[in-house]
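The values are calculated or read from the model by the stated rules, or taken from the named source; none is laboratory data. No experiment lies behind these values; they were computed from the predicted model shown. Ideal geometry is used to build each Cβ from the backbone, glycine not excepted, and the neighbour counts take in all protein chains shown.
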C-alpha cells in the first residue's frame, strides 16, 4: 500500500502508511511526534505487516490511557519491534488461557492474510450501503468508515484523573477517585479486559466527555473487522443468504406477514383499515450456515461493510465481550456482564440506528431517508397505530428473533381474544336482559320477613339475625355471573384455548422457518458464557465433537433438588399469607355485622378489602421470589441460555401460580364447604370458619378475580409508564452530560437498561390463566384482557424503541417453555371450569330441582334453606344447606353429589375428546411448509457441496454442446431441481429452478469439454 502522507500535513491521514502503522501498534495519536514517522515508515519498508487500526484515543492530552497496549514495543531496535509486532500480548497477567488466545489470534491473523491475497474490496474502504434505509453516520468511528458495533462506558472523577495524568500514573482509580484496593482492582480488571479484546482483534476508539458532579464519562467504541466477523459468524453458526426468494416460491410458503383477518376481509371485498404498507421491508432469502471457505457462494460477499447486519454484528461483539477474561476464571471473573455488575463499567450496549423522532415530516414522502428506528416508531410504536398490523419483519431485523417472536405471539393472542371477548360480552348481556326473569332473585326480593337468617358469625360476639330480603341486590347481581349462558361460555373458552394454541403452533412454525430459526435450539445453541466461565471440566460434545465446558450432572441434580425445597418453602409462605387474609376478613366482618347500617354490606366490604390486601401481598412476594429464583437458577449451572431461561421460567411460574391463584382456588372450591351448621360450627383460632355470602360463592369469586386481575393490569401498566420515566430522570440527574449537542452513544447511554421479556411473558401467561381457568365465574375477563393488551403492545413497543437501550439480538425458534405452560393452563382450565359449574355455581341444583319438582323454580329458595336444630340458637332461623332439622344431609344432597361428579367426568371427557380431535385435524406444521422445508434443505445442500461431480458439470470458456445452459465468463447455471424429477403437478413452485453459479477451478489448465451432455447434466450427489 502506498503512502499518501504528504509533506506539510499536520497529522497523517487515516489510510496512510504512517496512520496504519500507528493504528496497528496501538499508539495514541497525540503521543507520537512527527520525528517518529521516518522510523515507522522504515519499519513498513522492512515488511512489518500492516493491519487495521486496533486502538486509538481521542480527547485531551491529560486524559490519555493505555489498556495493556503494546506501545512499549516501539522502544528498542526495529528488529525487536518486528518480533513484538508478530507476537500476542503476554498472557501472564491477564488470567486467561494462553493457548486458547494464541489459537484464536492465529485464526484471525490467517483470516487477514487470506484477505490480503483476495482482490475484493476491503472493509475499511467500502462506504456503507444505503439501499434499504438511511444510514446514520453518527454510528461510525471518526473516520466515517468503521461501524460502531458496541459501546462500553465507565465513569471517573475528573480531578483525580487529571492529577494522575499529570503525575504520569499508568492508571486512574474509578468510583469517585477514592483510590483504595477496590478501585485499584477495578482498574486492573478493566485493563486486562481491554487487553484481551485487543488480542481478539477488535478496533477501539475512546471518547471522554465531561459530566456534571465533577465526573467524566469514558465511551469506548468497539468495531469488529472483517476477519473477526467471519470467524465468529462461522463459530456461532449464523445464517447467510444464498439467493433471494422469488415470488413463486413465496406463494408456496405460508407468508407469516399475512393475517387471517386480512384474508377474510379480502374475500368479503371489505376495506382493511388495519393494513398499512410499511417501507423498507427486509428482503427474504434462502439461507444456510455461514462458512468462510465458501464466502463466494453467498450473496453480498463483495461488500464487506454491509454484509453482516447490525443485529449480527452486535451478537458477535457480545459473544466476544461475554467470553473475555479479566481475572481468574475459577472465580467467574469473565465477561462484560460481570464487570457491569461489579461497577467496573457503567454500561455496555449496542447503538440504536439513530434518533426515533422525525423532525421534518416531509421526510415521510421519501422513506429512504428514514432509519430503521424511525420506521418502527412511525409505523408501529406510536399510539395512533394501535389498530394496525405489526411489522414483524422490521421488528425482527432491528431487535432480533427473540423479541420479534414475542410481539408476534402477543399480537396473535390479542387477535384471538377478540372473538372470546365478544362472546363473553354477549353472555354477560344475556344475563342483564334476563335478570328480571330470575325466579330465585324474585323470591329473595319478595321474601320481606319471611326468612329469618342465622347470624353469619357467632351470636355471643354480637352478630345479629338478619332478613333474607336484605341481600336482594346481591341475589340479582349473582344471576349476572351464574346463569345457563356461563355454562356454554365455559365450554366455548375451553375449545377456544386449545384451538388458539394449535394455530399458534402453525404460526410459530411459519415464523421460525421464515426467520431461519427452525431447529435452532437443538442444533446450534452454544454454552452460556457464564456457564463456560464457571464450568470446572471440558468434555467432548457428542453432537458436534468439539470439547466444551461441562458441569457434573449429579451435582446439578443435587442443586436443583435444593432449589425445589426453597420453592416449597416460599409456597408455604404464600399459604400462610392466605390464612392471614382469611382471618383479616373474619375480623373485619365482625364489627360490620354488629352495625345495623353496614350489616347488609359487611361481607362485601370484607371481601373487597381482603382482595386488595391479598393483591398487595402478591405483588410484594412476586418481586422477592423472582430475584431468589434467578440466583437459584444461576447456581444450578445450566449449559445453554434456553435451558437457563426454561428452568428460571418454570421456577417463577410455579411460585406465581400459587401466589396469584391460591386465594381464587380457595374461594372457588373450599370456602363455605367446611362451615358446619348451627350448634356444630367449625372454628380456626377460636373464630368461626367464614361462609359464602348470601349471593353465593360465585359472586365472591367474580369479585376476587376482578380485583386481582384488573388491579394487577393497572399496577403493571402504571409501572411501565411511570417507572421508565423515573429511571430516566434519575439517570440524567446522576450523570448529566454537559455537552449541548450529544452524540448517538451519549444519548443511548442516558436511556434506561432493557430488562428483557421475562416479565412481559409472565404477565400475559398469568392473564391467560385468569381468562381460562376461572372464566365460568367472570365472563368479562377476556374483554378486560383485550383492552389491556391493546395498551400493552404500544407500551412495550415504545419501551423498546424510545425508552431503553438497544438489546443484544438473540435467536429463538419459538416462545420456549411458555408454550408448554400455556398448554398446561388450557388443560387445567377444562378441569377447573368443570368443577366450578358442578360444585360452585347453582346450575346443577337448579337443574335437578326443575327435573324433580318445578320447571319454573317456584319455591327453590325455600327448598335450599335448612332449619336450625332446636335449642342451638336463641331463636329459630334458616341457613343455606341441604340438611334436615337434625343437621344431617338430605337424600337430595347425595343425589346432587353423584350428579356433580358425573357432570365433571362427562364434561372433561367430552371437551378433552373434542380438543384432541382439534389437535389431530390441525397439524403443527402446514403441509405446504413441510414440503418447502425439504426443498430448501435440498437446495442448500447442493449449493454448498464440493465434489468431483460439480467440477464435471462446470462449463468452461470454449466449445460446448449446449449453449442454453452457459453464461458469460466461463460459468454455468446449474438447475439444482433436476433430482426432484422435473415439474410437479402438486406444487408449481417445484418447477422453479434455483440456479447456482459454479466457477471452474480448472480454467488455468485451459478449456475442456465434457464427453457428453448426459454426463454434464448428471445429478449432483
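Please work out if residue 326 is surrounded by 15 or more Cβ atoms within 10 Å (Cβ to Cβ) and free of Cβ contacts under 8 Å to residues at least 60 places away in the same chain. Steps first, please.
Details: surrounded by 15 or more Cβ atoms within 10 Å (Cβ to Cβ): yes; free of Cβ contacts under 8 Å to residues at least 60 places away in the same chain: no.
Against the criterion (surrounded by 15 or more Cβ atoms within 10 Å (Cβ to Cβ) and free of Cβ contacts under 8 Å to residues at least 60 places away in the same chain), residue 326 does not qualify.
How many of the residues in the range 280-314 are within 30 Å of residue 388 (Cα to Cα) and over 25 Å from the mean Cα position of the chain (by Cα)?
Qualifying residue count, the range 280-314: 1.
Can you pull out the residues in the range 518-564 that are in a helix (DSSP H, G or I), within 29 Å of residue 925 (Cβ to Cβ) and modelled with pLDDT of 75 or more?
none
Kindly check whether there is at least one residue in the range 880-897 that is on the phi > 0 side of the Ramachandran plot, loosely packed, with under 15 Cβ neighbours inside 10 Å, more than 48 Å from the chain's Cα centre (by Cα) and not in a helix (DSSP H, G or I).
Let us first name the residues in the range 880-897 that are on the phi > 0 side of the Ramachandran plot, namely 881, 887.
Now narrow it down to the ones that are loosely packed, with under 15 Cβ neighbours inside 10 Å: none.
No, there is no match, as no residue in the range 880-897 is on the phi > 0 side of the Ramachandran plot, loosely packed, with under 15 Cβ neighbours inside 10 Å, more than 48 Å from the chain's Cα centre (by Cα) and not in a helix (DSSP H, G or I).
Tell me the residue from 421, 490 that is at pLDDT below 90 and within 30 Å of residue 834 (Cβ to Cβ), please.
Details: 421 fails: at pLDDT below 90.
When all the criteria are applied, what remains is 490.
Of the conditions (1) more than 21 Å from residue 309 (Cα to Cα); (2) modelled with pLDDT under 85, residue 219 fails just one. Which one is it?
The one condition residue 219 does not meet is (2).
Looking at (1) touching a helix residue (DSSP H, G or I) at 6+ places or on another chain (Cβ under 7 Å); (2) at pLDDT below 90; (3) on the phi < 0 side of the Ramachandran plot, which is the one condition that is false for residue 341?
Just one mismatch for residue 341, condition (1).
Of (1) at pLDDT below 90; (2) surrounded by fewer than 18 Cβ atoms within 10 Å (Cβ to Cβ), residue 813 satisfies all except one. Which?
(2)
All but one of (1) at pLDDT below 85; (2) under 30 Å from residue 889 (Cβ atoms); (3) part of a helix (DSSP H, G or I) hold for residue 672; which doesn't?
Result: residue 672 fails condition (3) only.
Could we say that residue 924 is part of a loop (DSSP other than H, G, I, E, B) and in contact with a helix residue (DSSP H, G or I) (Cβ under 7 Å, 6 or more places away or on another chain) here? Before the answer, list the steps.
Working: part of a loop (DSSP other than H, G, I, E, B): yes; in contact with a helix residue (DSSP H, G or I) (Cβ under 7 Å, 6 or more places away or on another chain): yes.
Considered against the rule, which asks whether it is part of a loop (DSSP other than H, G, I, E, B) and in contact with a helix residue (DSSP H, G or I) (Cβ under 7 Å, 6 or more places away or on another chain), residue 924 comes out as yes.
Answer yes or no as to whether residue 458 is modelled with pLDDT of 80 or more and in the same structural domain as residue 819 (by TED's automatic domain parsing). Walk me through it before giving the result.
Numbers: modelled with pLDDT of 80 or more: no; in the same structural domain as residue 819 (by TED's automatic domain parsing): yes.
Spelling it out, it is not the case that residue 458 is modelled with pLDDT of 80 or more and in the same structural domain as residue 819 (by TED's automatic domain parsing).
Please tell me if residue 634 is more than 21 Å from residue 699 (Cβ to Cβ), out of contact with any strand residue (DSSP E or B) (no Cβ under 8 Å at 6 or more places or on another chain) and part of a helix (DSSP H, G or I). I'd like the intermediate steps shown before the answer.
Working: more than 21 Å from residue 699 (Cβ to Cβ): yes; out of contact with any strand residue (DSSP E or B) (no Cβ under 8 Å at 6 or more places or on another chain): yes; part of a helix (DSSP H, G or I): yes.
Criteria met by residue 634.
Of the residues that make up the range 817-828, is at least one assigned by TED's automatic domain parsing to the domain that holds residue 896, farther than 26 Å from residue 401 by Cα, over 24 Å from the mean Cα position of the chain (by Cα) and modelled with pLDDT of 90 or more?
yes
Residue under question is residue 658, and the condition is that it be under 17 Å from residue 758 (Cα atoms) and over 20 Å from the mean Cα position of the chain (by Cα); does it hold? Give the derivation first.
Numbers: under 17 Å from residue 758 (Cα atoms): no; over 20 Å from the mean Cα position of the chain (by Cα): yes.
Criteria not met by residue 658.
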